[in-house]
Structures are given as structure tokens and as C-alpha cells.
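Encoded as C-alpha cells, the structure appears first; notes follow it.
The values are calculated or read from the model by the stated rules, or taken from the named source; none is laboratory data. Because the structure is predicted, anything quoted here is derived from the model rather than measured. Reconstructed Cβ throughout: ideal geometry from the backbone, glycine too, with neighbour counts over all protein chains shown. When the accessible area is computed, the model is the full protein with side chains, heavy atoms only, and any ligands, DNA or RNA have been set aside. Shrake-Rupley method; radii C 1.70, N 1.55, O 1.52, S 1.80 Å.
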Amino acid sequence: MTFDLQEAAKQHLWLHFTRMSAYGDGDVPVIVRGSGPYVYDDKGKRYLDGLSGLFVSMVGHGRTELAEAASKQASELAYFPLWSYAHPSAVTLAARLAELAPGDLNRVFFTTSGSEAVESAWKLAKQYFKLKGEPGRYKVISRDIAYHGTSMGALAVTGLAAIKGDFEPLPPGGVRVPNTNFYRAPDFVAHSEEEFGIWAADEIERAILREGPESVAAVFIEPVQNSGGCFPPPPGYFQRVREICDRYGVLLVSDEVICAFGRLGYYFGSERYGYVPDIITFAKGATSGYSPLGGMIVRDYLMEPFLSGHATFLHGITFAGHPVSAAVALANLEIFEREDLPGNVRANEAGFRATLEKLSDLPIVGDVRGAGYFYGIELVKDKDTKETFDDDESERLLRGFLSHALFDAGLVCRADDRGDPVIQLAPPLICTQEHFDEIERILREVLTEAWKRV
Ligand SMILES: Cc1ncc(COP(=O)(O)O)c(C=O)c1O
């Protein structure tokens, strides 16, 4: 008897953030291999990976050079912890990341994932302030609808009410401020992106004052917010946020789990927008997914209280900075450099934007926004009024039709309604105009059909 992959997937595998009932009758999609920006399912059908898996596969699929780096490291030293010991791959990678990171962000604490990176950054902020004689600072400010991970701490930083309620009570201290969705800016600042940005940044100051500056440890912000559909920062936003954080002694954490490693055309998103955060959190693209790795890079002064006496950062993860993952990350960065992938993104991003903007002629497309190789397309019921879909319509449109139809048409992307309904795109950094055209063609076909069903 042969092993039935479909049946076993339905019986034994628990998919993440997935309504499993949706696979009662239909097949679970099974992806078996990848090559460049394409992946293939178990029936041999090809899909353009318009989301880099999950914002991960920066160099594309099927790079044997990364598999070989993993194999070489596993043969030499498969595992040793970073608890009290170092190993060459983690040391070399930490030094390389310190070189690439902005300003004096020179110290790297590895994790295995983005949630752990966020969790680690919050824990570091808390312990740092305890050591510095400000034990009351524990709160974290983050933005509406922003996703920062699923572990309890990271979930408390996350601004998506719908995925938090079932896990309350969460660690206390999460405070929300507005995000930078200019398409939905309040009327009094809707006439100017600059003024909107200053207002949104000043909301952070108001939150700090409301909570009491002596109780606030950190502000967590993505360079371009993913959840809600790619909200780039308005001009001057980050400069203002930096000023506010400095004024009140609050740490600025740039959550770059998606935006680092070329996604926005630079090694770090903060570089693109010209600010120096106190901590950068990263994961996903660091290894292009050939092995899991995350971490945080912190400024020198945050390490300083831990460099003398008995002080120890009381935090660790068995597989953090795993030798195989660190070796893969180094090989991944070699590809970045050799092929100048950040440069490729900068050279082609205008073409990507222009190609997606062609879709603005469709009645369902309200807004096309993003930066680099990271775009969101907001879907609306009425372009003139920007009226969005209600919950039922959104359910029918996104879950009932779009997600499957886009996949069936050969495109991996994400139809998301955690904020207003959006389609999200984040193709591998090797993509060029021919891939943008393919994305546009499939989206046009499927969105035209979707409009008929509205
Ligand atoms: C900005 C941001 N932070 C944190 C996370 C959590 O990362 P992970 O899924 O690796 O735990 C994500 C995941 O998408 C993210 O986008």
C-alpha cells in the first residue's frame, strides 16, 4: 500500500493560522519543490511564489550552494549551544551583521524565529532598565493592526485584537497607537502625507505621556508595516519618532522580521528611511529559509550594563544561532553581495510599482502601496467613497473566492482581511519585469472575476 500524502495531511498535520475545516472536501495544497521564484506542487503544477513563501525566500528556491553550506556545517559541527560557548559560524555572522547594521548596533543575540526576537527585545528592554535603576519601565507601544508574532509576549506587542482575545490575559503593558495607513488617514490630516506622519508620530508622544514616561520601555515599529497591507512611513515620520523616543528615554525597536535583508532594497529597512533604532529584530530572510534563524542586533550602550560584575541577560533558547543556520545565513549573505540583490530591488522597484499600479483601473482596487519588493493592494467596494467590504462580504470574497482562485491561477500571494481586505505581494529579490508582468496578469484576471461576484 502506498502512503497517501493527502489523507495523512488531513489526518495528522495541523496547519498554522488555517481553518482546517476548509480542507474537508478539497485537497491540502502540497508544495514539493522550488526553483528560482517558482514552486511546484505534488501534481507538478507551477506557481509563481509572489510571497517568498512567507516573506522568507529572498534568493529564491533551489540554491544548492545554501544546501551545501548546511551540509558542510552539519558534518563539521551540527550543534553546540550559545550558552557559555561560541562557535565560528555564529561569531562570524554576528560580526558580519554588526558591519551591515546602521550606527553602533554591534551586538547580536540570536534566536530561532521572529517571535522570539521580539520577545527577546522586550525582555532585554525590561532587564536593561532594571539594571539602570528605572525598574518601572516595562510597557511597550506598538501600532494598530501590526503583527509582531504569536508567543505570549510578542502577542501582547501585536495590535490585532482578533488573534489575541482567545489568549487573554496576556502580559500587561501593551499600548496601541495609530499606524501609517495614509489611505485611511483621519480627515484633518488627509490632505498632506507629511502632516499625517507628524500627527501619527505625535500620537506616540501622547501615549507615552498618558501612560507616564517612567513606565514605558520601548516602541516597536516595522519600517513598512505588513499587517493591514504595507503601510510605508510618511516622510519625516521616523525622524520624529526617534526624537520622541530620545526625549523620554524610550527604546526604539525596529521590527525588521520582514523588512530586513533586501526586502526594501537595503540590508535593513531603517537604512532606507534614515534612522538608527536601538534594537533591530530580524528573522525570515536572514537565511532565505534554508534553515531557521532570527535574532536582535542592539546598540553598544544596551550591552554596557551586562559587561561587568554579575549582570547576565537571563534569557536563552537551545537552538538559537544554530551552527547550520548561521552557516547558511553567511552563505546567503554571500549571494546577496555577489548578485547585489538589494541593488536589484532598488533598480527594479519602480517597475514593480508601475506594473501593479496598472491594476488601479479595476473598480475593486482602491490603493496600491508599499516599497521595494513589498506591496499591498487594498480592495474596496466603492473607489470614490473608499467603502470597504463588511465581514460577510469579506469572508465570501477573500476566503470563499480570492485565496483559492489566485492559487489556482498559479500565484502564491496572500489575501488578508486582518485589517481592511488586501492582497499582499513580496516576491523573491531575484524577480524582474517578466515576473511582475506575470503577477499583474494573474491578479487582473482573478480580480476581474472577483468584482463580478461582489
Ligand atoms: C514584523 C514581524 N514580527 C515578528 C514576526 C514573527 O515571526 P515568526 O513567525 O518567525 O515568529 C513576524 C512574522 O511574520 C513579523 O512579520
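Restricting to segment 164-199, count the residues that are open to solvent by less than 30 Å² (accessible area, probe 1.4 Å) and either within 15 Å of the ligand (Cβ to nearest atom) or in contact with a Leu (Cβ under 8 Å, 6 or more places away or on another chain) (or both). Matching residues across segment 164-199 total 4.
Can you tell me which residue within segment 200-228, out of those that are of a type in the set (Asp, Glu) and in contact with a strand residue (DSSP E or B) (Cβ under 8 Å, 6 or more places away or on another chain), is least open to solvent (accessible area, probe 1.4 Å)?
Here is the first cut: in segment 200-228, the residues of a type in the set (Asp, Glu) are 202-203, 205, 211, 214, 222.
Then keep just the ones that are in contact with a strand residue (DSSP E or B) (Cβ under 8 Å, 6 or more places away or on another chain); that gives 203, 211, 222.
Values: 203: 37, 211: 60, 222: 10 Å².
Going through the qualifying residues, I end up with 222.
Taking helices (runs of 4 or more DSSP H) that fall entirely within segment 288-393, which contain at least 3 residues that are within 16 Å of the ligand (Cβ to nearest atom) and modelled with pLDDT of 95 or more? Break it down into steps so the answer makes sense when it comes.
Values: elements: 300-303, 323-338, 341-357.
Answer list for segment 288-393: 323-338.
The set of residues in segment 403-434 being closer than 23 Å to residue 374 by Cβ and modelled with pLDDT under 95 consists of 403, 414, 415, 416, 417, 418, 419, 420, 421. Criterion applied to 345, 365, 328, 380 was being in contact with a helix residue (DSSP H, G or I) (Cβ under 6 Å, 6 or more places away or on another chain), open to solvent by less than 10 Å² (accessible area, probe 1.4 Å) and within 23 Å of residue 180 (Cβ to Cβ), and the one residue passing it is 365. Here residue 50 fulfils each of the conditions (1) under 22 Å from residue 344 (Cβ atoms); (2) in contact (Cβ under 8 Å) with a residue 40 or more places away in the chain; (3) open to solvent by 50 Å² or more (accessible area, probe 1.4 Å) apart from (3).
Say whether the condition of being away from the ligand (no atom under 13 Å from the Cβ) and without any contact (Cβ under 8 Å) to a residue 24 or more places away in the chain is met by at least one residue in segment 225-237. Within segment 225-237, not a single residue is away from the ligand (no atom under 13 Å from the Cβ) and without any contact (Cβ under 8 Å) to a residue 24 or more places away in the chain. Number of residues in segment 270-297 that are of a type in the set (A, V, I, L, M), open to solvent by less than 10 Å² (accessible area, probe 1.4 Å) and under 13 Å from residue 103 (Cβ atoms): the value is 3. Is it the case, given these coordinates, that residue 254 is away from the ligand (no atom under 11 Å from the Cβ) and either buried (at least 23 other Cβ atoms within 10 Å of the Cβ) or of a type in the set (D, E, K, R) (or both)? No: the conditions fail for residue 254.
Yes or no: segment 99-112 includes at least one residue that is open to solvent by 20 Å² or more (accessible area, probe 1.4 Å), out of contact with any Leu (no Cβ under 6 Å at 6 or more places or on another chain) and within 13 Å of the ligand (Cβ to nearest atom). Yes, segment 99-112 contains at least one residue that is open to solvent by 20 Å² or more (accessible area, probe 1.4 Å), out of contact with any Leu (no Cβ under 6 Å at 6 or more places or on another chain) and within 13 Å of the ligand (Cβ to nearest atom).
Counting only residues that are over 30 Å from residue 443 (Cβ atoms) and within 14 Å of the ligand (Cβ to nearest atom), how many does segment 50-79 have? Residues that pass the stated criteria total 0.
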